[in-house]
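Structure first, commentary second.
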Amino acid sequence: MSEVFFNGPAGRLEARLHRSENPRAPLALVLHPEPTLGGTLNNRVTYAIFQAFVNMGFTVLRFNFRGVGKSQGQIDGTGVGELADAIAALDYLQNLDIESNVCWIAGYSFGAWIAAQLLMRRPEIKGFVFVSPPTNLYAFDFLTPCPSSGLIIQGLQDTVVETATVEMLAEQLSNHRFVHVEYRELPKADHLYTNQLKELHDTITLMVPDIKSRKPKKTFKKIKRQPIPNDDY
């Protein structure tokens, strides 16, 4: 993993890049939580998502939004500036000297909301991972129809994001044609995934390869709640 910088719309952006030895490895961009609440690329949940994609053989980039860490500019916090930064980050990742034609987007909390907006703007994104998407704080109704298959993860002990609203989003997306949207609940996980980072990591590494391997869905599918067994580690 290396520290890298690339140009964003508000100045230079700080990032961490893991580059796979396979030039055709799939790509993944990981977005951190709310900058105004202290979210950075070093957030533990963001790192767990990043490491899950590394372990699956992806070339992976996580970065600081404008005004965070060594990234230049001022924190926006409205989502407009952060989306522009995410677009620049995806461009940087795709312009590396590689041969990949598969790209995934992932985000945690506020980062999941930005990831969802980027998903709708970039048709080359083949899949997504939303961890604790803040469905009770931000609108996600623009995900109609959902353009790609993906995974939604929610902790049942979360007191920030309402589980019922996340489940509703997953239900709606799973009913879209041609895509597979899986929903997983971690019974002991709070919003920070305290003592549950391994479960989060393992859920991603279990589900993403399965979702990638599926053919486009042709019929509607009703979502099934499938909690992950929650052993203590």
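The values are calculated or read from the model by the stated rules, or taken from the named source; none is laboratory data. These numbers come from a predicted model, not from an experiment. All Cβ positions, even for glycine, are placed from backbone atoms using ideal geometry, and neighbour counts span all protein chains on display. Quick note on the areas: whole protein, heavy atoms, side chains included, nothing else; ligands and nucleic acids left out. Shrake-Rupley method; radii C 1.70, N 1.55, O 1.52, S 1.80 Å.
Is it the case, given these coordinates, that Ser2 is open to solvent by less than 20 Å² (accessible area, probe 1.4 Å), in contact with a strand residue (DSSP E or B) (Cβ under 9 Å, 6 or more places away or on another chain) and more than 24 Å from Met207 (Cβ to Cβ)? Step through it out loud before you land on a result.
Working: open to solvent by less than 20 Å² (accessible area, probe 1.4 Å): no; in contact with a strand residue (DSSP E or B) (Cβ under 9 Å, 6 or more places away or on another chain): yes; more than 24 Å from Met207 (Cβ to Cβ): yes.
So Ser2 does not fit the description; no.
Inspect segment 223-232 for any residue being open to solvent by less than 90 Å² (accessible area, probe 1.4 Å), modelled with pLDDT under 95 and under 19 Å from Asn55 (Cβ atoms) and give the result as yes or no.
yes
Looking only at segment 113-131, decide whether some residue is crowded, with 18+ Cβ neighbours inside 10 Å, charged (D, E, K, R) and in contact with a Leu (Cβ under 6 Å, 6 or more places away or on another chain). No, segment 113-131 has no match at all. Number of residues in segment 44-70 that are open to solvent by less than 40 Å² (accessible area, probe 1.4 Å) and either out of contact with any helix residue (DSSP H, G or I) (no Cβ under 6 Å at 6 or more places or on another chain) or closer than 23 Å to Asn95 by Cα (or both) equals 18.
Quick check: is even one residue across segment 161-179 closer than 22 Å to Gln51 by Cα and of a type outside the set (Lys, Arg)?
no
Taking segment 149-159 as the range and being surrounded by 15 or more Cβ atoms within 10 Å (Cβ to Cβ) and either farther than 26 Å from Tyr193 by Cα or of a type in the set (A, V, I, L, M) (or both) as the test, the residues that pass are Leu151, Ile152, Ile153.
Of all residues in segment 19-34, those that are in contact with a helix residue (DSSP H, G or I) (Cβ under 7 Å, 6 or more places away or on another chain) and not hydrophobic (A, V, I, L, M, F, W, C) total 3. When the test is whether a residue is assigned to a loop (DSSP other than H, G, I, E, B) and either surrounded by 17 or more Cβ atoms within 10 Å (Cβ to Cβ) or touching a residue at least 40 places away in the same chain (Cβ under 8 Å) (or both), Arg177 passes it.
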